[in-house]
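These notes concern the structure reproduced below.
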Amino acid sequence: MKKGMLTTTALALTLGLLAAGNAQARDTKLMLSIAEAMNSADFQEKLDSTITFSFGGLPAGKSIGERHGNYTSNKKTNAFGKSDQEACRWALLSALLSFQDRVRSEGGNAVVNLESYYKANPMISTTEYECHAGGVIAGVALRGDVVTLAP
């Protein structure tokens, strides 16, 4: 390979790596609607309707019969070719599916006090969840209590 071609190839590789690094370095914080996500067809189809997911506290009029523990779920999803909102919904669904599996394994019927927990910083809301989107990955971290709600 000629010296000029080698320099051009090295420069192209360096620029490509810098561009990839910049795309991956993006970390856009989004606050998105819980209700919009929960009412979407994918959530309705994949989440067990017998398990309650309650953000920011207990469902109205309910009390805890038994506590099974406080857990976190930190899920990432491929954001390539998706809008930030779409990628964030998938990450939220993955996190809730992880909690659903935990509820089943612990013998509970609900996850209450759900809160966003990105980088271990709690953000409590009954209407919004926090998601961070980058060039190729979006992530949602949640923390909540797996419980059995009293009848």
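Scan Ala10, Ala35 and give me the residue that is at pLDDT below 55, open to solvent by less than 60 Å² (accessible area, probe 1.4 Å) and aliphatic (A, V, I, L, M).
The unique qualifying residue is Ala10.
Within the group Gly21, Gly4, Gly65, which residue is of a type in the set (Gly, Ala, Ser) and either in a loop (DSSP other than H, G, I, E, B) or at pLDDT 95 or above (or both)? Step through it out loud before you land on a result.
Working: Gly21 fails: either in a loop (DSSP other than H, G, I, E, B) or at pLDDT 95 or above (or both); Gly4 fails: either in a loop (DSSP other than H, G, I, E, B) or at pLDDT 95 or above (or both).
Answer to the check: Gly65.
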Output the residues belonging to segment 71-129 that are at pLDDT 95 or above, open to solvent by 70 Å² or more (accessible area, probe 1.4 Å), more than 15 Å from the chain's Cα centre (by Cα) and not hydroxyl-bearing (Ser, Thr, Tyr). Asp101, Arg102, Arg104
Given the conditions (1) in a loop (DSSP other than H, G, I, E, B); (2) in contact with a strand residue (DSSP E or B) (Cβ under 7 Å, 6 or more places away or on another chain), and given that Ala60 satisfies all but one, which numbered condition is not satisfied? (2)
Taking the stated definitions as given, is Leu58 out of contact with any Asp or Glu (no Cβ under 7 Å at 6 or more places or on another chain), exposed (fewer than 11 other Cβ atoms within 10 Å of the Cβ) and either modelled with pLDDT under 95 or not acidic (Asp, Glu) (or both)? no
Find the strands (runs of 3 or more DSSP E) located wholly in segment 82-151 whose residues include 2 or more that are closer than 19 Å to Arg26 by Cα, and list them. 128-133, 137-149
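The values are calculated or read from the model by the stated rules, or taken from the named source; none is laboratory data. Keep in mind it's a predicted model, so treat the numbers as computed, not measured. All Cβ positions, even for glycine, are placed from backbone atoms using ideal geometry, and neighbour counts span all protein chains on display. Quick note on the areas: whole protein, heavy atoms, side chains included, nothing else; ligands and nucleic acids left out. Shrake-Rupley method; radii C 1.70, N 1.55, O 1.52, S 1.80 Å.
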